[in-house]
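K.L.:
Here it is, the structure in full.
The values are calculated or read from the model by the stated rules, or taken from the named source; none is laboratory data. Keep in mind it's a predicted model, so treat the numbers as computed, not measured. Every residue, glycine as well, gets a Cβ built from its backbone with ideal geometry; the counts of neighbours run over all protein chains shown. We work out accessible area using only protein heavy atoms, side chains counted, and drop any ligands, DNA or RNA first. Shrake-Rupley method; radii C 1.70, N 1.55, O 1.52, S 1.80 Å.
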Amino acid sequence: MTSTITGASRTRLGPPTTGKLITILNIDGGGVRGIIPGVILQYLESELQALDGDDVRLADYFDVITGTSTGGLITIMITAPDANNRPLYAAKDIVPFYLDNCPKIFPQVGGPFAGIIKTFKTMLGPKYNGKYLKSLVEGILGTTKLDQTLTNIVVPSFDIKTMQPVVFSSFQVPREPNINAQLSDICIATSAAPTYLPAHYFVNDQREFNLIDGGVAANNPTLVALGEVTRQILKEDPNFASITPLDYTRYLLISIGTGTRKLQPLYDAKMASKWGVISWMINQGSTPLIDCFTQASADLVVMHNNVVFEALNSVNNYLRIQVDNLSGDVSSVDVSTKQNLEDLVKVGEGLLDSLVSRVNTDTGEVQVVPADGTNREALKTFAKRLSEERKLRETNVTNEATGLV
């Protein structure tokens, strides 16, 4: 029943055509703030385990997992296979991974002249050399490639030479073999944030890649993943045979952000009106230009999703978890002090107990939805639906195999 067109046969989850829903998990970019979705995902996986046993993992429930930058790293962590063909990392391992490795990926400069030194380094080249990250992911992932992940993944990057997005999609491998890159290269590429980490060059199947952070293309890559699924439907992939293009009523989407400081802004028009190139790139310990385009792309995706799911009376199929009142070090993408990383864990824990929120499609403002309860309660509901969908597919696949349908 599975097809060579997609990677659906690699997961324990039967193909979408044997169920009712297409399940998608999205994780935004955000550097060290990846700890926040790490906390959220740990809770979601624990709820799934409470329903179906300690051995289950997130990759067993989602048709597609998508992420950009730090979200792309998490995506690969939870879908890359180990020696037993199970995910390398459980969700509970994400936060410890960040606590252990972020200080080495983003080594901090101390002393009274730290700010001057950081600014000077950024003017001369990337703030960090990226050597530890490269060594880390290559050591963990080895030569494992995109077509070996345990469910379909979609990870965007951007080619600075061709000036166009590059999407590393499990769905595209049969049609574009040169996309079947090593997962280590994909991790390094999607994380190569301008001014922070070096651009990444590699060759795969005689194709050259000159890549930078996927946030340039899609910091919230939900629409990229939806587009990949739609393309499979249009190409008559039998795994999606019972689904029509753009039928959002069939999607179950969980989208997790890494936090913003919208309610605690650093800049305003009076300040920006006086800026030149340097001020747009380096200002108050941040990079305003990069902040603007990554946040703008993510917000437009959130707005689109809210409008579409609302228009199709399917708001209960979409959960966006995001915090928009970060300030100080926790709003940074690279402050990796022990205190800040621990504070980010607390932000994630607090977000679980915050009320569900949605974008008001008239004003664009984020508003809480008290009737939907907390994010913790919503995730518990979604976990139950994911479990039911998985069991439905297992039953239907078994019945097909035994000739009962």
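K.L.:
Pull out all pairs, ordered by first then second residue, where Cβ-Cβ is under 6 Å, the residues are six or more apart or on different chains, the first lies in the stretch 82-106 and is closer than 15 Å to Gln339 by Cα, and the second is of a type in the set (Ser, Thr, Tyr) and open to solvent by less than 50 Å² (accessible area, probe 1.4 Å).
P.N.:
Once the first residue is closer than 15 Å to Gln339 by Cα and sits in the stretch 82-106, its partners that are of a type in the set (Ser, Thr, Tyr) and open to solvent by less than 50 Å² (accessible area, probe 1.4 Å) give Cys102/Ser336; Pro103/Ser336; Phe106/Tyr128; Phe106/Ser336.
K.L.:
Right, something else. Looking at Leu351, is it buried (at least 19 other Cβ atoms within 10 Å of the Cβ) and touching a residue at least 60 places away in the same chain (Cβ under 8 Å)?
P.N.:
yes
K.L.:
Restricting attention to the stretch 292-316, which residues are over 24 Å from Thr374 (Cα atoms) and among the aromatic types (Phe, Trp, Tyr)?
P.N.:
Phe293
K.L.:
When residues of the stretch 15-50 are filtered for being open to solvent by 10 Å² or more (accessible area, probe 1.4 Å), farther than 21 Å from Leu351 by Cα and touching an Asp or Glu at 6+ places or on another chain (Cβ under 6 Å), how many remain?
P.N.:
Residues that pass the stated criteria total 2.
K.L.:
Can you give me the number of residues within the stretch 250-272 that are modelled with pLDDT of 90 or more and either assigned to a helix (DSSP H, G or I) or in contact with a Phe, Trp or Tyr (Cβ under 8 Å, 6 or more places away or on another chain) (or both)?
P.N.:
Residues that pass the stated criteria total 6.
K.L.:
Right, next: Of these, Lys346, Lys384, Lys380, which one is open to solvent by 30 Å² or more (accessible area, probe 1.4 Å), within 26 Å of Leu133 (Cβ to Cβ) and more than 18 Å from the chain's Cα centre (by Cα)?
P.N.:
Lys346
K.L.:
A follow-up question, please. Just give me the residues in the stretch 242-263 being open to solvent by 50 Å² or more (accessible area, probe 1.4 Å) and in contact with an Asp or Glu (Cβ under 9 Å, 6 or more places away or on another chain), in sequence order.
P.N.:
The answer is Lys262, Leu263.
K.L.:
Still on this structure: Could you check how many residues of the stretch 225-241 are of a type in the set (A, V, I, L, M), at pLDDT 85 or above and either open to solvent by 10 Å² or more (accessible area, probe 1.4 Å) or in contact with a Cys (Cβ under 9 Å, 6 or more places away or on another chain) (or both)?
P.N.:
Count: 2.
K.L.:
Moving on to the next point. Is the stretch 232-254 home to any residue that is under 26 Å from Gly38 (Cβ atoms) and touching a Pro at 6+ places or on another chain (Cβ under 7 Å)?
P.N.:
No: zero hits.
K.L.:
When residues of the stretch 214-247 are filtered for being outside any loop (DSSP other than H, G, I, E, B) and without any contact (Cβ under 8 Å) to a residue 60 or more places away in the chain, how many remain?
P.N.:
Looking only at that region, the number is 4.
K.L.:
Report yes if some residue within the stretch 198-207 is modelled with pLDDT under 95 and assigned to a loop (DSSP other than H, G, I, E, B); otherwise report no.
P.N.:
Scanning the stretch 198-207 turns up at least one residue that is modelled with pLDDT under 95 and assigned to a loop (DSSP other than H, G, I, E, B).
K.L.:
Go through the stretch 316-325 residue by residue and tally those that are surrounded by 22 or more Cβ atoms within 10 Å (Cβ to Cβ) and assigned to a loop (DSSP other than H, G, I, E, B).
P.N.:
2
Yes/no per residue for (1) modelled with pLDDT under 95; (2) part of a helix (DSSP H, G or I); (3) within 18 Å of the chain's Cα centre (by Cα); (4) not charged (D, E, K, R):
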position: Thr79; (1), (2), (3), (4): no, no, yes, yes
position: Lys92; (1), (2), (3), (4): no, yes, yes, no
position: Lys127; (1), (2), (3), (4): yes, no, no, no
position: Gly139; (1), (2), (3), (4): no, yes, no, yes
position: Ser157; (1), (2), (3), (4): no, no, yes, yes
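K.L.:
Give the residue that is most open to solvent (accessible area, probe 1.4 Å), with candidates limited to residues of the stretch 356-370 that are assigned to a loop (DSSP other than H, G, I, E, B) and modelled with pLDDT of 90 or more.
P.N.:
The qualifying residue most open to solvent (accessible area, probe 1.4 Å) is Val369.
K.L.:
Consider Gly53 against the criteria (1) closer than 21 Å to Ile140 by Cα; (2) open to solvent by 10 Å² or more (accessible area, probe 1.4 Å): it satisfies all of them except one. Which criterion is unmet?
P.N.:
(1)
K.L.:
Okay, moving on. I'd like the full set of residues that are open to solvent by 30 Å² or more (accessible area, probe 1.4 Å) and assigned to a helix (DSSP H, G or I), limited to the stretch 159-195.
P.N.:
Listed by number, the residues that qualify are Pro177, Asn178.
Each row is one residue, and each column tells you yes or no for (1) modelled with pLDDT of 95 or more; (2) assigned to a strand (DSSP E or B); (3) within 29 Å of Thr402 (Cβ to Cβ); (4) of a type in the set (A, V, I, L, M, F, W, C).
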residue	(1), (2), (3), (4)
Ser9	no, no, yes, no
Gly34	yes, no, no, no
Val39	yes, no, no, yes
Tyr43	yes, no, no, no
Ala50	yes, no, no, yes
Asp54	yes, no, yes, no
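K.L.:
While we're looking at this one, here's another question. Need the failing condition index for Pro288 against (1) open to solvent by 20 Å² or more (accessible area, probe 1.4 Å); (2) modelled with pLDDT under 85, just the number.
P.N.:
Of (1) open to solvent by 20 Å² or more (accessible area, probe 1.4 Å); (2) modelled with pLDDT under 85, only one is false for Pro288: (1).
K.L.:
Could you give me the residue pairs with C-beta distances under 9 Å whose first residue belongs to the stretch 133-157 and is without any contact (Cβ under 8 Å) to a residue 60 or more places away in the chain and open to solvent by less than 10 Å² (accessible area, probe 1.4 Å), whose second residue is among the hydrophobic types (A, V, I, L, M, F, W, C) and part of a loop (DSSP other than H, G, I, E, B) wherever it lies, and which are 6+ apart or on separate chains?
P.N.:
Short answer, once both residue conditions are applied: Leu146/Val173; Leu146/Ala181.
K.L.:
Condition first: touching a Ser or Thr at 6+ places or on another chain (Cβ under 6 Å) and closer than 11 Å to Asp213 by Cβ. Can you find one or more residues in the stretch 156-177 that meet it?
P.N.:
yes
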